[in-house]
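The values are calculated or read from the model by the stated rules, or taken from the named source; none is laboratory data. Everything numeric here is computed off the predicted structure, so don't read it as measured data. So basically every Cβ, Gly included, is an ideal-geometry build from the backbone, and we count neighbours across all protein chains shown. Note: accessible area is taken over every heavy atom of the protein model, side chains too, but ligands, DNA and RNA are not part of it. Shrake-Rupley method; radii C 1.70, N 1.55, O 1.52, S 1.80 Å.
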Amino acid sequence: MRQYRGRRKDNGEWVYGYLIGKDVIVGDIVEFCEEYFNCEYWWKVDPETVGQYTGLKDKNGQEIYEGDIVLGYYYDTFSKKEIEIISYVRWDESGYWTFDGERRFCGGYLTDVKDIRVAGNIHDNAKLLKGDGNA
């Protein structure tokens, strides 16, 4: 099963686990039989905040989720320079891509970006994408 995160509806805290439907994240199964199963926890989450774990970690070992704002560099073959980027992670049918809010970065996958660092996420730190914050 894939890992997800979402913001709890009751208190706004982030919770991590497995997605059931569109708005419930549950923890590991702790008890199971033919008639029922029990999970560690079960939280209703805001479906707008749900993001899937990419399977990647940033340069500091932090897991990267859909909706995270990342900083990094990519090599621009036209200018032959490393270009600093700030973008967010978003799902595309062909895989995880970085977006700056409007366009793809040279068609590059997130894994093509060097020295990736998670700076926040689009739900808590959207101002970072506009350049209004200290990344």
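Details
- Residue pairs whose Cβ atoms lie under 6 Å apart, sitting 6 or more positions apart in sequence or on different chains, and linking a residue in region 122-135 that is under 17 Å from E66 (Cα atoms) to a partner that is in a helix (DSSP H, G or I) and at pLDDT 75 or above, are H123/T49.
- Residue within region 61-69 that is farther than 15 Å from R117 by Cα and either within 15 Å of the chain's Cα centre (by Cα) or of a type in the set (F, W, Y) (or both) present: no
- Qualifying residue in region 16-27 (condition: in contact with a Leu (Cβ under 7 Å, 6 or more places away or on another chain), β-branched (V, I, T) and open to solvent by less than 30 Å² (accessible area, probe 1.4 Å)): yes
- Residues of region 39-65 satisfying the condition of being open to solvent by 50 Å² or more (accessible area, probe 1.4 Å) and at pLDDT 90 or above: E40, Y41, W42, W43, K44, D46, P47, E48, N60, Q62, E63
- For region 71-80, the condition holds for no residue, the condition being that it is basic (K, R), open to solvent by 60 Å² or more (accessible area, probe 1.4 Å), outside any loop (DSSP other than H, G, I, E, B) and modelled with pLDDT of 75 or more.
- Complete set of residues in region 47-62 that are in a strand (DSSP E or B) and without any contact (Cβ under 8 Å) to a residue 24 or more places away in the chain: G55, K57
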